[in-house]
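Notes follow the structure.
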Amino acid sequence: MNKGKKLYEGKAKIIYETNEKDLVIQHFKDDATAFNNLKKASVEGKGVLNNRISEHILTSLSQCGIKTHLIKRLNMREQLIKHAEIIPIEFIVRNIATGSLSKRLGIADGTILEKPLFEYCYKKDELGDPLIAKEHIFAFDWAKEEEINEIDKMTFRINDLLQGIFRGVGIKLVDFKLEYGRVWNKEKNKSEIVLADEISPDTCRLWDVKSEKKLDKDRFRKDLGNIVQAYQEVARRLGIMPEETNISEVNFGKATSLKFKKKK
Ligand code: TMP
Ligand code: ASP
């Protein structure tokens, strides 16, 4: 698989073309941003951790019948994925009120929601990804009604599966963001919806069940410190990083496969 030219660079990832038209490489950067790019930093090791965590989660979802863009992880920072046409909507699911929901509507932080709350945001950096109604999606033809119906069903199921995955390792899934895309299914000769992008502590709020300690990007947003340590904790609990591993000791420049150095 040859890596070709850069097709797109986002805030946390880069997409490269490959010698196969339908496949691209997704590269995870260490860059962290918040508040629509107003706050920026490089968090050493974040890209490696998100690559590994997202691979683990998408693989688990795929084993439960969710179609995803992931083909395989290639190395420490890169995955081979299907080249999907991304639907320009951020699909947000909330199980507990916090973040922009609490701020916008004055709902007390930590309020448990009776059932998952779905929100839709228009993916447009220049506008700060505004919250929209479902009707806007159809009015401006960002996706078809059948597509959104299918996505809503997938999102509901993913929420159940993710809650189970995290609850099993002592983590509450507070909220998260998903993205979907269209890929061409050659056998069926039609386009189909796949889960795209990533699922990682950058795109989820994850709280420790007992202490409610934040194990996600809120550590960066709110200047809580120990960002990489929190992401590492998530990876360790998911069983994808040996107990004794300390990611800050990995030589990121040279590492091409997932070999973490053991702490002495
Ligand atoms: P919010 O409370 O800031 O709206 O965030 C809701 C969830 O969506 C939270 O888990 C973080 C995630 N999210 C992203 O992944 N990307 C984004 O650009 C935003 C605003 C939120
Ligand atoms: N990803 C968004 C940004 O860069 C917002 C966020 O995750 O808080 O600004």
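Only the coordinates and a few stated rules stand behind these numbers; no lab work does. Keep in mind that this is a model prediction, so the values were computed, not measured. Cβ coordinates were reconstructed from backbone atoms using ideal geometry, including for glycine residues, and neighbour counts include every protein chain displayed.
Structure notes:
- Ascending count of other beta-carbon atoms within 10 Å, so fewest first, for Glu187, Glu192, Glu90: Glu187, Glu192, Glu90
- Around the amide H of Ile96, modelled in the peptide plane, lie the amide H atoms of Leu113, all under 5 Å away and 5 or more residues distant in sequence or on another chain.
- Pairs from Lys40/Lys134; Lys11/Lys123; Lys123/Lys213 whose Cα-Cα separation, in the structure shown, is over 23 Å: Lys40/Lys134; Lys123/Lys213
- Cβ-to-Cβ counts within 10 Å put Leu178, Leu131 in ascending order as Leu131, Leu178, the fewest first.
- Sum of side-chain charges, Trp184 neighbourhood, beta-carbon under 11 Å (Lys, Arg +1; Asp, Glu -1): +2
- Computed helical MRE - 222 nm, the chain, DSSP H runs ≥ 4 contributing -39500 (n - 2.57), nearest 500: -8000 deg cm²/dmol
- By the rule of a C-alpha distance below 12 Å, with chain neighbours fewer than 8 residues away ignored, the aspartates and glutamates paired with Lys6 are Glu17.
- Each of Asp223, Asp208, Asp22, Asp202 was scored by other Cβ atoms within 10 Å of its Cβ. Listed from fewest to most, they are Asp223, Asp22, Asp208, Asp202.
- Test item: Cα-centred dipole of region 85-185, Lys/Arg +1 and Asp/Glu -1 on Cβ, debye: 440 debye
- Chymotrypsin sites (Phe, Trp or Tyr not before Pro) within region 1-77, DSSP loop, no more than 12 other Cβ atoms inside 10 Å: Phe35
- Charged side chains reduced to their Cβ positions (Lys and Arg at +1, Asp and Glu at -1) give the chain a dipole of some 1000 debye around its Cα centre.
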